[in-house]
Amino acid sequence: MTKALRPDVFYLEELKNIFGPVQILKQPAPELSNLPIPKLIIDRNSKTDESSTVAWCPLIDKWAEHGDIAFADGRGKIRIVLSKKANANTLLVTEQCDNLCHFCSQPPRKIDDKILFAFAAQSIVSFNSHHVIGISGGEPLLDQSSIFNFFKILDEFKNKTPLHILSNGRAFKDKAFTKRFIESAKLRDVEIGIPLYSTSSRIHDYLVNKEGAWNDTVKGLINAGNMGLPIEIRVIPTKQNYCEISAIVEMALTCLNSITRISIMNLEQTGWAKKNWNNLYVKPDKYLDELENACQLGNRFGTEISLFNYPLCHLNSSLYKYSKKSISDWKNTFPSNCNYCVEKEQCGGFFTSTKNIEVKPLGQIL
Amino acid sequence: MEDYKQLPINFRRLNDGKTVISNLANIFHVLPNQKCLEDIFLHKTCSDKELLEVLEHKLFISSTDDFESKVQLTTSAFSKGINKDLRSPKLIMVVPTLRCDHHCSYCQVSRVNADQEGFDLSKSHIPSLIKFIQEIEKPPYKIEFQGGEPLLAFSFIQEFYNQLLMAIGAKNFSLVIASSLSLISEPIITWCKGKNISFSTSIDVGKRAHNKHRKLNTKDSFETVLANIQRISNKLGKDKIGTVTTVTNDGLSDHNELVDTHIALGLRGLFVRPVSSYGFAIKKQAKDLSIEEFMQFYKKLIHRILRENLSGHTIIEHFLLIHYKRIMNAAGGTYVDLMSPAGYSKNSVLIDYNGNIFGSDEARMVYRKYGADELIIGNIKSRKYDLKLSEHLLQHSFNDDIPACSDCVYQNSCGSDPIYHLQEFGEPIGDKSLSRFCELHKSIFDFIFELIQSTEHKRILDRWLND
């Protein structure tokens, strides 16, 4: 594995026996003392402080900012989950899911993880950012009482952090739930990212490995869209659906309301996608025309269409303008060959998890 | 897909035998012939897998498993279309004066002479006019001055601009002055500079037709308008001037002259439509020009314009583009004439020189011709409104349940025009087999499907979408 742009895991003796979210401070901050999570003051002089743990770690000092949130595992290891230094912040709120996607990057585990939702709420309240925070799973809307309780906690602290929730959308097939969800979330901007992998159930249900999923997701998309919930549609091209990418985009933009944007995402070689890679992954050069057709629909419908996770050297130059630097910095890398590429500044690079990375430096004089 | 179910479709045979199909989602597909249509939808004997796949993507057929969801997707798309037509903004038209220096043969509103008194909107009504506008629409407002000749009442426009600017700020409105430009002067241009004000003017098909129909007593109307377009374009910018072309039965072979005129002026857009059959124009001109004749002219015109585009010269004909946008479900595809429910009073409103409020410019024309008082919604002075007739007209302007529209392949791209049909048939729906409105728009849609069979032409229209 190549080195990530922003390391996020550290070890700190003093945090043994602390489990859950911790707020990292660079100096005492009495104004934060009413907030619900333990404080870790990173201070060279190690003065004692009654309400906080005080310790010194030059690496954490370098890679964390005052107010960042880390997750402690109770054995001294911490992972920074919300950082002002990060290019994107995302919280995992559950590992349970009602789909079992062949390319799942975060495969579900049957464990009691209800506490994750509470940790997420505490972290968001303490971090108190006005930049968007991603909520992912598992399926965040699977346990309906947890999601409503989550919003209740945020409301109690008058938190208004905008949220992007990644969901399979199946829960929205229930109109009463959809209505209650919108009502519960209304104090903040919420956008739901919902993947749609096909125009028919045959391929979608195969990819998410669950019969009936497409019908639920489509009905959910219709309901949520009609009730005005902003929706980002996500499409992942695979061997099974790469021929219908533009058809999926066209169907979504023709039929669904409240679509804010469409993101076409290159496969990430992690989780279950690792073992299913050969069955799923198709090189972009097989479907560049299809990407072109899909992206051009953005102009026609007046909706932004973006390409996520595509290194520029895997695309045609006509597609560069749709490509986003989308890979989170803690799992983002540029192999050494990229240093010879004239497009590096504009490029989103690679996942650290990708095996046999194919780099084709651009503009190189051989 | 082993077996499939058919979703509801409408269809229409084009002149060359090809068959256009569409559904409630306003998605289209062209089948090679009627037999193919029957094979797919009647006998289910079609074995062209690729075609069936496309038809499945486009919500024309579905597997049994997906049928219910596909029906819901279709109805969701249908509601999305209606929603778009309901939410699009209102065009607010103001007639500061009915006086005019031209004597156009096809004038729809019965203008009065330039020196006649009693046909101007008084400046003292500006506060109540602004209040009315704020009451009926959210900013940013698009306000268009119509006439008569608005430049005869330029001081009214200036005063209105100043008061509106004070009330809501420059970012919240834009003004268009629909004018023949014969009275444009250096001081007017200087005053408009740097303001959110643009001009819309008329160029008819060729010098001969223009001068015949748009008569000026003292000057050559055609030369005057060309010179003044150039002046505005030079001093205020090309984006501050747009043209509209009214086609009569004069100049039907002068399509090249029309395009050349625009190219010479450096204009990138045209808007070309047949003489309207409203108000006073109906008697004088419209009956003389059949839609068939118009289409013969229009097709020659469009082919010339497409040739220009093919040679790298971007010129857009906006009447065609608006129809194409409707067919493609494209953003910005809202046009008062192509809406269901109609644009009348919902997306347009006109305040006449005496303060009377109408639901559209056409309603004013019909009122003036027939004295149909019921078309007056109210007056900005009294602030009492009677929407009874307008509501009735709008209720009858959803085209999905109207005879001949309900089974038309273009139903969801087209619109309805209750005022035109009220005038022609005495009621808002009318007989579509005799309707000029229906014939015109259907012909344009047919023409588009004829055109886009050439990928070259389709590419140009797609480029226009993105322009």
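The values are calculated or read from the model by the stated rules, or taken from the named source; none is laboratory data. All figures in this text were calculated on a predicted structure; none of them were measured in a lab. No Cβ is skipped: glycine too gets one built from the backbone with ideal geometry, and neighbour counts run over all protein chains shown.
Residue pairs whose Cβ atoms lie under 9 Å apart, sitting 6 or more positions apart in sequence or on different chains, and linking a residue in region A:144-161 that is free of Cβ contacts under 8 Å to residues at least 24 places away in the same chain to a partner that is surrounded by 14 or more Cβ atoms within 10 Å (Cβ to Cβ), are A:Glu156/A:Val125.
Matching residues to (1) touching a His at 6+ places or on another chain (Cβ under 6 Å); (2) in contact (Cβ under 8 Å) with a residue 60 or more places away in the chain; (3) surrounded by 13 or more Cβ atoms within 10 Å (Cβ to Cβ); (4) farther than 21 Å from A:Phe119 by Cα:
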| residue | (1), (2), (3), (4) |
| --- | --- |
| A:Arg6 | no, yes, yes, yes |
| A:Glu13 | no, yes, no, yes |
| A:Ile18 | no, no, yes, no |
| A:Lys26 | yes, no, yes, yes |
| A:Asn34 | no, no, no, no |
| A:Asp43 | no, no, yes, yes |
| A:Ser51 | no, no, no, no |
| A:Cys57 | no, no, yes, yes |
| A:Glu65 | no, no, yes, no |
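Would a scan of region A:111-120 turn up a residue that is surrounded by 20 or more Cβ atoms within 10 Å (Cβ to Cβ), aliphatic (A, V, I, L, M) and in a strand (DSSP E or B)? Within region A:111-120 (the criterion being surrounded by 20 or more Cβ atoms within 10 Å (Cβ to Cβ), aliphatic (A, V, I, L, M) and in a strand (DSSP E or B)), the answer is no, since none of the residues qualifies. What number of residues within region A:302-317 satisfy the criterion of being within 14 Å of another protein chain (Cβ to nearest Cβ) and modelled with pLDDT of 95 or more? The total comes to 3. Which number in (1) aliphatic (A, V, I, L, M); (2) in a loop (DSSP other than H, G, I, E, B); (3) over 16 Å from A:Asp8 (Cβ atoms) marks the one condition that A:Leu154 misses? Tallying (1) aliphatic (A, V, I, L, M); (2) in a loop (DSSP other than H, G, I, E, B); (3) over 16 Å from A:Asp8 (Cβ atoms), A:Leu154 fails exactly one: (2).
Looking at the structure I just gave you, is A:Ile245 within 12 Å of chain B (Cβ to nearest Cβ), closer than 20 Å to A:Ser306 by Cβ and under 23 Å from the mean Cα position of the chain (by Cα)? Show your work before the answer.
Details: within 12 Å of chain B (Cβ to nearest Cβ): yes; closer than 20 Å to A:Ser306 by Cβ: yes; under 23 Å from the mean Cα position of the chain (by Cα): yes.
So A:Ile245 fits the description; yes.
For region B:13-66, a tally of residues being among the charged types (D, E, K, R), more than 14 Å from every other protein chain (Cβ to nearest Cβ) and out of contact with any helix residue (DSSP H, G or I) (no Cβ under 8 Å at 6 or more places or on another chain) returns 5.
Would you confirm, using the coordinates I've provided, whether A:Arg234 is within 14 Å of chain B (Cβ to nearest Cβ), of a type outside the set (A, V, I, L, M, F, W, C) and outside any loop (DSSP other than H, G, I, E, B)? So A:Arg234 fails the test.
What's the total number of residues in region B:293-326 that are in contact (Cβ under 8 Å) with a residue 40 or more places away in the chain, in a helix (DSSP H, G or I) and of a type outside the set (Phe, Trp, Tyr)? Full working, then the answer.
Quick first cut of region B:293-326, residues in contact (Cβ under 8 Å) with a residue 40 or more places away in the chain only: B:293-302, B:304-306, B:308-310, B:313-321, B:323-326.
Adding the requirement that they be in a helix (DSSP H, G or I) leaves B:293-302, B:304-306, B:308-310, B:318-321, B:323-326.
From what's left, of a type outside the set (Phe, Trp, Tyr): B:293, B:295-296, B:299-302, B:304-306, B:308-310, B:318, B:320-321, B:323, B:325-326.
So the answer is 19.
For (1) within 18 Å of B:Ile143 (Cα to Cα); (2) modelled with pLDDT under 95; (3) not small (Gly, Ala, Ser); (4) not in a loop (DSSP other than H, G, I, E, B), each residue gets a yes or a no:
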{"residue": "B:Ser182", "(1), (2), (3), (4)": "no, yes, no, no"}
{"residue": "B:Asp204", "(1), (2), (3), (4)": "no, yes, yes, no"}
{"residue": "B:Lys207", "(1), (2), (3), (4)": "no, yes, yes, yes"}
{"residue": "B:Lys212", "(1), (2), (3), (4)": "no, yes, yes, yes"}
{"residue": "B:Lys219", "(1), (2), (3), (4)": "no, yes, yes, no"}
{"residue": "B:Ile229", "(1), (2), (3), (4)": "no, no, yes, yes"}
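Applying the selection to region B:444-467, what residues are surrounded by fewer than 17 Cβ atoms within 10 Å (Cβ to Cβ), in contact (Cβ under 8 Å) with a residue 12 or more places away in the chain and either farther than 18 Å from B:Ile21 by Cβ or within 14 Å of another protein chain (Cβ to nearest Cβ) (or both)? The answer is B:Glu456, B:Arg463, B:Asp467.
Every residue, every condition in (1) closer than 14 Å to A:Tyr287 by Cα; (2) touching a His at 6+ places or on another chain (Cβ under 7 Å); (3) surrounded by fewer than 18 Cβ atoms within 10 Å (Cβ to Cβ); (4) polar (S, T, N, Q), yes or no:
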| residue | (1), (2), (3), (4) |
| --- | --- |
| A:Ile222 | no, no, no, no |
| A:Gly225 | no, no, no, no |
| A:Pro230 | no, no, yes, no |
| A:Val235 | yes, no, no, no |
| A:Glu244 | yes, yes, no, no |
| A:Leu256 | no, no, no, no |
| A:Ile259 | no, no, no, no |
| A:Ile262 | no, no, no, no |
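Go through the residues of region A:270-288 one by one and say whether even a single one is surrounded by 21 or more Cβ atoms within 10 Å (Cβ to Cβ), modelled with pLDDT of 95 or more and β-branched (Val, Ile, Thr). Checking region A:270-288: not a single residue is surrounded by 21 or more Cβ atoms within 10 Å (Cβ to Cβ), modelled with pLDDT of 95 or more and β-branched (Val, Ile, Thr).
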